[in-house]
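Visitor: Below: one structure in structure tokens.
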Amino acid sequence: MWYWFFKHFLFRPLVRFGFRARIRGAEHVPASGGVILASNHLAAMDSVIIPAMLPRKVTFPAKAELFQGNKGLGSKIVAWFLKAIGMIPMDRGGGRASAAALQAITDVLDAGHVVAIYPEGTRSPDGRLYKGKTGMARMVLASGAKVLPVGVVGTQRVSGWFGIPWVRRPLVVVGEPLDFSDYQGKPGDTKVQRYVTDEVLAAIQRLTGQDYADVYAARVKYGDLKDQGSDAFILPRPGGGPRPEVSQG
């Protein structure tokens, strides 16, 4: 109940009437059933604007450390909020903790809900769309859930009245669901993982019109490309190679 309370009495009014957000393609959101929502990631407010504008509850995996609440009052409030609205702690350290997090996501999908993923793995450093990580594809291949591509535009913060950080007229664009059920049960096939990931990113690119850089965003933000950027990696679209064959055996 906390999720709907915060959505209808705080975040949706803020996003719709304060930010004056718009949505296109809402009719593509399935009325029921487990769905993996895959979106580009421009700004921190994406995780507020997307669920505020969609008709269904959206569950985001969040860093497991945020659920601990062991860094003062602010962290305790964040931890309580994430738990109250039903978000999923995601441990990326591997082993049993990561397996448990993936199982929690599968449980949400099996219960017929929407799980949101940012395939790029981090926010775009410059507004471009970056190479997707294959974790999302593994979830798709293991669960058989359809993928709902979503593109966000204009969610970056600007300076509002009195210098207050604000967002002006962001746009959420929803595409038609993508079905990869032909490949279900093949989460370990790396070629299929990459194909699914690239096709989802290509669908997002069609919604946003972003330039695509075929390199992980983390390299540009924190790694060896921090100073030179991603100009050398620009491609017309993600992937584009042949569709992997579906084995019959």
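Visitor: If you take the residues in segment 110-139 that are touching a helix residue (DSSP H, G or I) at 6+ places or on another chain (Cβ under 7 Å), under 19 Å from residue 59 (Cβ atoms) and of a type outside the set (D, E, K, R), which one is surrounded by the fewest Cβ atoms within 10 Å (Cβ to Cβ)?
Guide: Per the criteria, the residue is 121.
Visitor: If you don't mind, there's one more thing I want to ask. Within segment 221-240, can one find any residue that is farther than 30 Å from residue 30 by Cα, crowded, with 20+ Cβ neighbours inside 10 Å and modelled with pLDDT of 95 or more?
Guide: yes
Visitor: Here's another thing I want to ask about it. Would you mind finding the one in 48, 78, 58, 29 that is within 21 Å of residue 16 (Cα to Cα) and free of Cβ contacts under 8 Å to residues at least 40 places away in the same chain? Working first, answer last.
Guide: On the way: 78 fails: within 21 Å of residue 16 (Cα to Cα); 58 fails: free of Cβ contacts under 8 Å to residues at least 40 places away in the same chain; 29 fails: free of Cβ contacts under 8 Å to residues at least 40 places away in the same chain.
Being within 21 Å of residue 16 (Cα to Cα) and free of Cβ contacts under 8 Å to residues at least 40 places away in the same chain holds for just one of 48, 78, 58, 29, which is 48.
Visitor: A further question on this structure: For a quick check of your reading of the model, give me the residue pairs whose first member lies in segment 1-26 and is more than 21 Å from residue 39 (Cα to Cα), whose second is in a helix (DSSP H, G or I) and of a type in the set (A, V, I, L, M), with beta-carbon atoms closer than 7 Å and at least 6 apart or on different chains.
Guide: Close Cβ pairs (under 7 Å, with a partner that is in a helix (DSSP H, G or I) and of a type in the set (A, V, I, L, M)) amount to 2/84.
Visitor: Select the helices (runs of 4 or more DSSP H) contained entirely in segment 134-249, then report the ones holding at least 2 residues which are touching a residue at least 60 places away in the same chain (Cβ under 8 Å) and among the hydroxyl-bearing types (Ser, Thr, Tyr).
Guide: Here the list reads 190-208.
Visitor: Of all residues being crowded, with 20+ Cβ neighbours inside 10 Å and among the β-branched types (Val, Ile, Thr) in segment 140-162, which is farthest from residue 20 (Cα to Cα)? Just the residue, please.
Guide: Applying the filter and picking the extreme gives 140.
The values are calculated or read from the model by the stated rules, or taken from the named source; none is laboratory data. What you are looking at is a predicted structure, and each value in this text was computed from that prediction instead of being measured. Cβ sites come from the backbone with ideal geometry, for glycine too, and all protein chains shown count toward neighbours.
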